[in-house]
Amino acid sequence: MKRWLNLSLEDLRTLMETIGQPAHRANQIWTWVWTKFVTDIQKMTDLPQKWRDELSQDLVLLPLRLVDTLEEDESIKLLFQTMDGHHIETVILKQDEATEETEDPKKRLTLCLSSQVGCPLGCVFCATGKIGFARNLEVDEILGQVILAEQVLQNHPHLFGLSLPSQRKISNLVFMGMGEPFLNWENVQKAIRILTSPKGYGIGYRHITISTAGILEGIHKLTEWNQPIRLAVSLHSPFRMGRERLMPISKTNPLDDLMMALREYQDHTGRRITFEYTVIAGINDRREDAEGLRKLLFPFKYLFNIIPYNPVEGIEWETPSPGRIKTFLRFLDEVGISATLRKSRGRKIAAGCGQLGLIWKNREVKL
Ligand code: SF4
């Protein structure tokens, strides 16, 4: 079976030559896929019919199938099935503010992408972590999420009351769905290179965010790569023990080393870091947490997002009440941290901060 979506345009052109086709066939296919989001080879009408018939036998351009959608609170969750029968999720989100001053917020949609089937890191508050890990996603499975989301959006040009552009409708990509992107870095990086290709999808590096649980090696690699990709780090506690309790990965990627890697990243790139903080009632919303955060974050240029914990079945922790969130915001303000409260949109969707789950309309979907 041929999986050509894994290839960059240059590699596709080389492949065309090796199979005896003119190199410009690669550009034709690339244009159909990345500007029109057409993945059915039979619909690529400028390719010879005979060749289309041949390719239809064993070419797979889209290795995912959309099996369900769920809409709530200005977000749509898409459930995809892979060719080997796994399920992954992607979320289309309306954003509240622009990434850049020149950006029109009325045209802004973010796509939250998965990088793995499940996640091996097992953060204790996370629905994805609870369901375990199956495998890394291939490059075309990462890209397929973008194409299928764009296909869905072609039929909804005024989704959430926005006036979306006629071609690419997604303005921002965040690797914040299922999985830890730095544990599948080779494929994630290749997918980003394809997505940013100016001859194709053409999204800017600045509009892509990698969200990590704090994988040191990955942060070092991103620092070396030095593309203007945004980095978001799930922090969840300013204390070593507290963080290890919530995120077992921080036993092998300790908080002190994480902070050092982030300092290097910021010294090297000059870019601001976004810290994500899931607030769990009575666990990490105390005054001492705010004070710990001040000590930890003062050397950084950063954004600080707090997200109320979404309840996960089988975990006894509680979502903080609005009053409790207000108090925590006051604690943060008193220590000089200006925090943004992210809307807890999509309670059923459970989107945000690695809390994608696989409960669909009251039916459980297996990884
Ligand atoms: S929060 Fe993120 S890193 Fe942690 S288990 Fe969930 S998906 Fe994995």
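The values are calculated or read from the model by the stated rules, or taken from the named source; none is laboratory data. None of these values were measured; they are calculated from a predicted model. FYI the Cβ positions are ideal-geometry reconstructions off the backbone, even for glycines, and counts take in every protein chain you see. Just the protein is used for accessible areas: all its heavy atoms, side chains included, with ligands, DNA and RNA removed. Shrake-Rupley method; radii C 1.70, N 1.55, O 1.52, S 1.80 Å.
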Open item on the list: Can you confirm whether residue 71 is at pLDDT 70 or above and more than 16 Å from the chain's Cα centre (by Cα)?
Closed with: yes
Open item on the list: Take residue 211 and tell me if it is more than 20 Å from residue 296 (Cα to Cα), touching a helix residue (DSSP H, G or I) at 6+ places or on another chain (Cβ under 8 Å) and assigned by TED's automatic domain parsing to the domain that holds residue 143.
Closed with: no
- [ ] Could you run through the stretch 113-160 and say how many residues are open to solvent by less than 20 Å² (accessible area, probe 1.4 Å), under 19 Å from residue 183 (Cβ atoms) and away from the ligand (no atom under 11 Å from the Cβ)?
- [x] 9
TODO: Residue by residue through the stretch 292-329, note down the ones that are closer than 29 Å to residue 263 by Cβ, open to solvent by 100 Å² or more (accessible area, probe 1.4 Å) and out of contact with any helix residue (DSSP H, G or I) (no Cβ under 9 Å at 6 or more places or on another chain).
DONE: 295, 298
Task: Tally, over the stretch 181-203, of residues that are away from the ligand (no atom under 16 Å from the Cβ) and touching a residue at least 12 places away in the same chain (Cβ under 8 Å) - done: 15
